[in-house]
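What follows is a set of notes on a single structure, which appears directly below.
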Amino acid sequence: MAQATLLLPARTRLVGQVLPPDIAKALGRADRSDGDAGERAQLRRQFQLVPDHWPVAALTRQHDARDAAGATWLRADPARVSPDMTGARMLAYGEALALTDEDTAHLLPALKPLFGDAGMLLDAPHPARWYLRLPVDAKLPAFVPASDVLGDDLFAHLPEGDAGRRWLALLSEAQVVLHNHPWNAQRAAQGKPPVNSLWFWGGGVLPDAVATGFRQVKGNDVLLQSLAQMAGVDAVHANGEGGVDALIDLRHLRNLDLLCSDALRPLLDALRKRELDALNLDFEDGALFSLRREQRWRLWRGALQRLDTVRPDHVPA
């Protein structure tokens with residue numbers, strides 16, 4: 001059965017505008033369910049890992065360097081922090097810093113001895129994604145994803161206990177090295193943000209296998225691309241086998257009108273023409289819609305005027 005699934009942002013990032021009548025009618029007649037919220041839960045609905053874990057660092061490392069097997073990996077992403085009264089607040093990390101190979105060539109050599117003494121190898125096959133390589137049997141505490149720390153105090157999100165103290169010490173030493181590095185002074189003179197911290201997250205080993213039901217995965221997100229690569233989606237699609245079965249990443253959208261005109265209307269039209277058997281909408285807040293051609297006969301179902309409406313026949317007070 002040919003179907004398309006759209007990965008969408010949380011509805012709170014799109015509401016505030018009334019849905020166009022044709023879209024409101026289709027969503028009002030759709031099957032609706034709720035899943036877990038968050039980026040991780042959203043992607044796990046589309047990809048199954050064996051064994052069942054979520055090693056972001058190993059997945060993106062395999063995408064970046066094709067050498068992730070046989071080790072434990074941890075992201076040590078470059079970050080910009082600003083001190084405040086209670087600690088250090090993360091203002092940017094990774095790609096938002098717009099680093100180049102020249103930046104990593106200056107900054108990494110100063111940090112490598114620190115982590116080398118701790119038994120870890122630091123490198124950066126991509127300027128926005130820095131990695132620590134550890135022994136395959138290394139035990140890591142749970143780290144918070146960088147996106148969850150953005151705008152908050154770094155130290156409030158470090159793991160607690162003995163393991164947390166070790167990583168707090170490493171983080172503090174890395175911050176001193178970066179703060180004193182002359183390359184950061186040069187970046188500041190050029191009006192660029194400094195790289196004055198790291199953030200550890202995404203630890204784990206490469207999964208034995210990744211499975212998905214899609215033959216096409218479209219999107220620029222590196223984790224999505226990494227999962228698709230591990231699932232062999234590119235190779236299968238290149239053979240030209242099967243139907244559409246496409247996963248399309250639209251989580252970057254913030255304009256409801258653009259979503260309706262450029263994505264939903266063309267796909268609903270394909271549904272009516274039998275070019276598509278099902279259209280699934282997966283919102284990051286866990287809201288799920290499944291649209292099929294036969295739902296047009298659900299004449300008793302009212303239109304969904306807004307995305308944040310609880311149910312199709314709900315009338316806000």
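Quick notes on this structure:
- Hey, Leu299 modelled with pLDDT of 95 or more and either in a loop (DSSP other than H, G, I, E, B) or under 28 Å from the mean Cα position of the chain (by Cα) (or both) or not: no
- Restricting the stretch 205-239 to residues that are surrounded by fewer than 19 Cβ atoms within 10 Å (Cβ to Cβ) and small (Gly, Ala, Ser) leaves a set whose member that is modelled with the lowest pLDDT is Ala238.
- Answer residue from the stretch 9-68, given it is in a loop (DSSP other than H, G, I, E, B) and among the basic types (Lys, Arg) and is modelled with the lowest pLDDT among those: Arg29
- Scope the stretch 264-300; condition open to solvent by 70 Å² or more (accessible area, probe 1.4 Å) and more than 26 Å from Phe47 (Cα to Cα); matching residues: Arg265, Arg272, Lys273, Arg274, Glu294, Arg296, Trp297, Leu299, Trp300
- Scope the stretch 244-263; condition of a type in the set (Asp, Glu), open to solvent by 30 Å² or more (accessible area, probe 1.4 Å) and within 19 Å of the chain's Cα centre (by Cα); matching residues: none
- Flag if Ala138 is under 24 Å from Ser226 (Cβ atoms), open to solvent by less than 40 Å² (accessible area, probe 1.4 Å) and in a loop (DSSP other than H, G, I, E, B): yes
- Looking only at residues in the stretch 79-111 that are hydroxyl-bearing (Ser, Thr, Tyr) and closer than 17 Å to Thr60 by Cβ, the one that is least open to solvent (accessible area, probe 1.4 Å) is Thr104.
- In the stretch 167-192, residue nearest to Gly119 (Cα to Cα) [restricted to those that are open to solvent by 40 Å² or more (accessible area, probe 1.4 Å) and in contact (Cβ under 8 Å) with a residue 40 or more places away in the chain]: Glu173
- Residues of the stretch 69-78 that turn out to be open to solvent by 10 Å² or more (accessible area, probe 1.4 Å) and assigned to a loop (DSSP other than H, G, I, E, B), as a count: 2
Conditions tested, residue by residue: (1) over 25 Å from the mean Cα position of the chain (by Cα); (2) under 21 Å from Ser147 (Cα atoms); (3) touching a residue at least 12 places away in the same chain (Cβ under 8 Å).
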position: Leu7; (1), (2), (3): no, yes, yes
position: Val18; (1), (2), (3): yes, no, yes
position: Ile23; (1), (2), (3): yes, no, yes
position: Gly35; (1), (2), (3): no, yes, yes
position: Arg40; (1), (2), (3): no, yes, yes
position: Leu43; (1), (2), (3): no, yes, yes
position: Val50; (1), (2), (3): no, no, yes
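The values are calculated or read from the model by the stated rules, or taken from the named source; none is laboratory data. What you see is a predicted model; the values in this text were computed from it and never measured. All Cβ positions, even for glycine, are placed from backbone atoms using ideal geometry, and neighbour counts span all protein chains on display. Protein only, heavy atoms only, side chains kept; ligands, DNA and RNA dropped before computing areas. Shrake-Rupley method; radii C 1.70, N 1.55, O 1.52, S 1.80 Å.
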